[in-house]
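*Asks:* Right, I'll just put the structure down here and ask away after.
The values are calculated or read from the model by the stated rules, or taken from the named source; none is laboratory data. The model shown is predicted, which means the values in this text are computed figures rather than measured ones. Cβ atoms come from the backbone with ideal geometry, glycine included; neighbour counts cover every protein chain shown. We work out accessible area using only protein heavy atoms, side chains counted, and drop any ligands, DNA or RNA first. Shrake-Rupley method; radii C 1.70, N 1.55, O 1.52, S 1.80 Å.
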Amino acid sequence: MLPLKISEIANLIKGQLNISADLFINKLNRIENSIEGDLTFYSDERFKKQFDDCNASCIIVNENHIIIDNRNYIVVPNAYLAFISIINLINQNNSTNKTGISKTSVIGENCKISNLAYIGHNVVIGNNCIISDYTQIHSNCSIADNVNIGNSNIIYPNVSIYSNTIIGDNCIIQSGAVIGSDGFGFVEDKSNGSFTKIPHIGNVVIKNNVEIGANTTIDRSLVGSTLIENGVIIDNLVQIGHNCVIGENTAIAGQAGIAGSCKVGKRVRIGGQTALAGHLELGDDISIIGQSGVSKSIKEKGVYFGTPAKPQREAFRIEAISRNLPELANDIKQIKKLLNVKL
Amino acid sequence: MLPLKISEIANLIKGQLNISADLFINKLNRIENSIEGDLTFYSDERFKKQFDDCNASCIIVNENHIIIDNRNYIVVPNAYLAFISIINLINQNNSTNKTGISKTSVIGENCKISNLAYIGHNVVIGNNCIISDYTQIHSNCSIADNVNIGNSNIIYPNVSIYSNTIIGDNCIIQSGAVIGSDGFGFVEDKSNGSFTKIPHIGNVVIKNNVEIGANTTIDRSLVGSTLIENGVIIDNLVQIGHNCVIGENTAIAGQAGIAGSCKVGKRVRIGGQTALAGHLELGDDISIIGQSGVSKSIKEKGVYFGTPAKPQREAFRIEAISRNLPELANDIKQIKKLLNVKL
Amino acid sequence: MLPLKISEIANLIKGQLNISADLFINKLNRIENSIEGDLTFYSDERFKKQFDDCNASCIIVNENHIIIDNRNYIVVPNAYLAFISIINLINQNNSTNKTGISKTSVIGENCKISNLAYIGHNVVIGNNCIISDYTQIHSNCSIADNVNIGNSNIIYPNVSIYSNTIIGDNCIIQSGAVIGSDGFGFVEDKSNGSFTKIPHIGNVVIKNNVEIGANTTIDRSLVGSTLIENGVIIDNLVQIGHNCVIGENTAIAGQAGIAGSCKVGKRVRIGGQTALAGHLELGDDISIIGQSGVSKSIKEKGVYFGTPAKPQREAFRIEAISRNLPELANDIKQIKKLLNVKL
């Protein structure tokens, strides 16, 4: 789609141009890296310095932005969203709707693969699988028996999907993700500390519009289903334990870990490297700041932080005071001296 | 194997049935999700509410459970273990002992692959490998040269096993795991901070009855072997550094990280997201609670928590008091006021 | 290359031999595991006990080491570096410079694959890719369209490289790594908490002499490039978010996570399981101890620790005093009693 004239871009995003001359844009770029020929945007004052130094051929700015130089601007109500809308246009033009089944793939017995689906090179699909319209399964993926994948999903290379997994529509699974591996469930023989594996005969169910990050792992349930509800977004290297339920529109950042049998509500925000201990419940609209360790169920809406996780205000207050611990300890020492006491 | 009559199930687990009528069970389910046709179990009073609301066609309960309604029960000494024994039966019936080598796999020179082994589609095996009886290697796995894999192992899709790895019997390796990658060892040039890689010519040795989780990584040793002893169970996304020795029947939960050259004892329990710094020793029968950071060797049996890890009782006591820090700080302020001192 | 006589090894490392007799060395080993026929080294007094018990056929020692027994020694200025130089020799002799393209690989249109490159079995390469001299791409890797890989790289099995990735020379990418997956960027609809994916049309650029660990993930940029500079070493299971820049000769240990748009300086050392929040800058020569959580930019050279990260000295002082919290709390209680006050 690129190159495009600045005037055409202004039209596409219904923005106001501050120049009459016109130029070609070759690529989109971040404000700190933009050079001649680039289009960028400026909407966050934390990047004021990068903005001042910016040599982009055109900068999209918010309408309250006061223009004091003669660089080229497109003025819109929301510069960030306008920039993203151009990305969306470029991305749409680049997308190809591949269909067909590579001859190098291996498809099991009794599968229903839509004519509108794409099965990439060296993909292995087991028996009794369903792959529906416009779903793309890229190279070197392994899909076991009895897997049902709906419409318009993108499954990137080297993904492993275990038997009986069910995936809805419009999901994206990034490379290296593992869906449906055995839950970490064992019976311990207390006499010698040895373990006997408990077979996991449940599965994983992923609803619609779900994104699953690279090398993320989601374990199958013992019985029943590990369930990822509509609209959930999961970043890279996240662990979701067996029997978990992750509620609608919940977001889980990188390297977070949800131990087995947790029930996470709707619109929950879980920060990176946060851990939930097993069998917990988180209510709706709860946010957990990164690196927290949640050791008890939380019902009340709000923001939480720390290991163990506490309401953010409490955690921050404790943290602030703990920075004064050396002074407090010294105060106590001085008071004791003053009072001439040995406690 | 399913459907089965309740009476047949009661026979299989040697339980007492509280009804004379009989019904068919279609599937096993967790208590909170069970519907008509399901079999479930109840053994933990934390799930009392779910039990009260449960519509399963049959519930397995412990023998001390007092039955006060006319739902269908099977009474046994241990409801949880009875339920698992049924899972085991179902799983056994579902298992197929695949054998044979897929034509789409690539086998190197001078390999000994048992006639009773199964090599899945698009598997790549290097030179001089041994794959013994009843071992299953599933699709898209890559196994390098000189790898020796014993009997009755299951290696799920997309696993990477580097050269010279030795695996015993009855192990399970979940998808995406990487066994034998290079250890993170470099010589630093202090003059400019640059690194020169140290080749790792050691290997990984995995003994018998070991489980390795999805996307877990185990690095090869510099020289000698990174060693995983009998009966070790490792969850998903765990990192085991080069030269580590993990003792018999030790369990390591998800996203834990063991830095290089650690020696972990027998029957150790390492919680999720816990880290061990390099070159540490943990004695036998030590438990580390999740998200801890172990910075020194620990010899004494017991439970430890925190970063840096301390005995659990000490860590919990400090944590409890730290919650009162705002009050303590205020106390000190008031005392100073009272004493009219500026310290 | 092995077996080798001790005298030959002494020659190779220009060391002094304390014996006149000669023996064959069969393998290199760590000091605690060495048996007859092994060569090992001793340079760190923490391993004094293992040294005393060591039955290796030869031990390399530092020149200040006083020999008090009649075991076989080679004396050199730096025993560790001498040992590594032998490893390097062995490794060099073992390396094979494979070239050629496996018939089981699938190569897209318009690719330039060097005659001196090696493309392993079941590798899938997209359209318009360049693979240069002496680069090895091992089995089951998936490389998307428009990827440019320079000279002398080793890419181990099951690696996924997304479209438009650029990799320089002399890099090593361990198995299961994912390069160029979509950044975790979404527009949130505040009315219902749902997310709309922002397409990521940027890429990943990896310069020269970079090592990337097993199952590590590096996300592509929204626009522009996620950039890994020369000489960066990254351990296993690390997450690098979209738009990050990682400076020259920086080292990142296992399971660390760098959130999106961070700018990390040169010669930075990031400990295992450490997290950086998004949009931070770390200056040059900064070290972050493992399991820290960096929540603000850090400019000043030095060592930092904790969540949130503080200068090491401050963090350790607070930690030391917090261990006395039970005593401090008791002191305050006693003082209040003494003063007969209720605060």
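*Asks:* For region A:89-101, just list the computed ³J(HN,Hα) in residue order, Karplus coefficients 6.51, -1.76 and 1.60, θ = phi - 60°, integers in Hz, with x standing in for Gly and Pro.
*Replies:* 5, 4, 4, 4, 5, 7, 5, 10, 8, 4, 9, x, 10
*Asks:* Given H placed 1.01 Å from N in the peptide plane, which residues other than close sequence neighbours of A:VAL303 have an amide H under 5 Å from its amide H?
*Replies:* A:SER287, A:GLN312
*Asks:* Using only alpha carbons, build the gyration tensor for region A:30-156 and give me the equivalent ellipsoid semi-axes, biggest first, whole Å.
*Replies:* 48, 13, 12
*Asks:* Expressed as a fraction of 2.2 N^0.38 Å, the rule-of-thumb size for a compact globular protein of N residues, what is the C-alpha radius of gyration of region B:4-94?
*Replies:* The value comes to 0.97.
*Asks:* If you count, for every residue in A:7-16, the Cβ atoms of partner chains within 10 Å of its Cβ, what is the mean?
*Replies:* Per residue, the average neighbour count from other chains is 0.
*Asks:* Which of A:ILE68, A:ILE179, A:ILE252 ends up with the largest GNM mean-square fluctuation for chain A, with Cα atoms connected below 10 Å?
*Replies:* Comparing A:ILE68, A:ILE179, A:ILE252 in a Gaussian network model of chain A, the most mobile one is A:ILE68.
*Asks:* Can you give the average number of partner chain beta-carbon atoms within 10 Å of each beta-carbon in peptide C:84-93, as a whole number?
*Replies:* Rounded to a whole number, the mean comes out at 3.
*Asks:* What Kirkwood Rh does region C:88-195 have if only Cα atoms enter the pairwise 1/r average? Answer in Å.
*Replies:* One over the average 1/r among Cα pairs gives 14.8 Å for region C:88-195.
*Asks:* To continue, here is another question. Please report, to two decimal places, log10 I(q)/I(0) for region A:108-167 at q = 0.12, 0.18, 0.22, 0.26 Å⁻¹ as given by the Debye formula with identical point scatterers on the Cα atoms and no solvent.
*Replies:* So the normalised log intensities are -0.21, -0.48, -0.76, -1.10.
*Asks:* Then there is this: Under 1.5 on a/c is rounded, so check that first for region C:165-245, then, if it is not, pick prolate when a/b is larger than b/c and oblate when it is not; a ≥ b ≥ c are the square roots of the alpha carbon gyration tensor eigenvalues.
*Replies:* In terms of gyration-tensor shape, prolate.
*Asks:* Looking at region C:230-343, I'd like the Rg to Rh ratio, where Rg is from alpha-carbon atoms and Rh is Kirkwood's inverse mean 1/r.
*Replies:* Checking Rg against Rh, the ratio lands at 1.22.
*Asks:* Turning to a different aspect of this structure: Please report, as a whole percent, how much of the solvent-accessible surface of chain C comes from carbon and sulfur atoms (probe radius 1.4 Å).
*Replies:* That share works out to 48 percent.
*Asks:* Taking a 28 Å limit on the Cα-Cα distance, which of the listed pairs B:LYS190/C:LYS263; B:LYS207/B:LYS299; C:LYS197/C:LYS310; A:LYS14/A:LYS301; A:LYS27/A:LYS49 fall beyond it?
*Replies:* In this structure, C:LYS197/C:LYS310; A:LYS14/A:LYS301 lie more than 28 Å apart at Cα.
*Asks:* Along its principal axes, what span do the Cα atoms of chain A show, with the longest given first and each in whole Å?
*Replies:* 80, 79, 29
*Asks:* Determine the dipole magnitude for chain B: charges of +1 sit on the beta-carbon of Lys and Arg, -1 on that of Asp and Glu, nothing else is charged, the reference point is the Cα centre, and the result goes in debye to the nearest 20.
*Replies:* For this selection, approximately 1040 debye.
*Asks:* Can you give the three extents of the C-alpha atoms in region A:220-289 along their principal axes, from longest to shortest, in whole Å?
*Replies:* Projected onto the principal axes, the Cα atoms of region A:220-289 cover 31, 20, 19 Å.
*Asks:* For the pair B:LEU12/C:LEU338, report the inter-label distance in nm, with labels modelled 7 Å from Cα in the Cβ direction.
*Replies:* Here the modelled spin labels are 7.2 nm apart.
*Asks:* Using 1/(1 + (r/R0)^6) with R0 = 45 angstrom and r between the beta carbons of C:VAL303 and A:LYS299, what's the FRET efficiency to the nearest 0.05?
*Replies:* So, using R0 = 45 Å, E works out to roughly 0.65.
*Asks:* With labels modelled as points extended 7 Å from the Cα through the Cβ direction, what inter-label distance (nm, one decimal) is found for C:ASN110 paired with C:LYS49?
*Replies:* 6.5 nm
*Asks:* Peptide A:223-230: average number of partner chain Cβ atoms within 10 Å per residue?
*Replies:* The shielding value for this peptide is 4.
*Asks:* Place a +1 charge on the Cβ of each Lys and Arg in region B:199-293 and a -1 charge on the Cβ of each Asp and Glu, then give the dipole magnitude about the Cα centre in debye, rounded to the nearest 20.
*Replies:* 80 debye
*Asks:* Write down the Kirkwood hydrodynamic radius of region C:1-54, to one decimal in angstroms, obtained as one divided by the mean of 1/r over all alpha carbon pairs.
*Replies:* Every distinct Cα pair counted, the radius reaches 12.0 Å.
*Asks:* Which of A:ARG313, A:ARG71, A:ARG220 moves the most in a Gaussian network model of chain A with Cα springs under 10 Å?
*Replies:* Judging by the Gaussian network model, the answer is A:ARG71.
*Asks:* Picking from B:VAL106, B:ILE25, A:ALA320, whose Cα lies most toward the positive end of the charge dipole for the protein assembly as shown (charges on Cβ: Lys, Arg +1; Asp, Glu -1)?
*Replies:* A:ALA320
*Asks:* If you don't mind, there's one more thing I want to ask. By average Cβ neighbour count within 10 Å, what is the ranking of C:53-64, C:115-126 from highest down?
*Replies:* Highest-to-lowest ranking by the protection proxy: C:115-126, C:53-64.
*Asks:* Another one. Across the Cα atoms of the protein assembly as shown, what radius of gyration and what greatest pairwise Cα-Cα distance (Dmax) are found, in Å?
*Replies:* 30.0, 90
*Asks:* Accessible area per residue of region B:4-94 at 1.4 Å probe, in Å²?
*Replies:* 56 Å²
*Asks:* Of C:SER132, C:SER287, C:SER43, which is the most mobile in a GNM of chain C whose springs link Cα atoms less than 10 angstrom apart?
*Replies:* For chain C, modelled as a Gaussian network with Cα springs under 10 Å, the answer is C:SER43.
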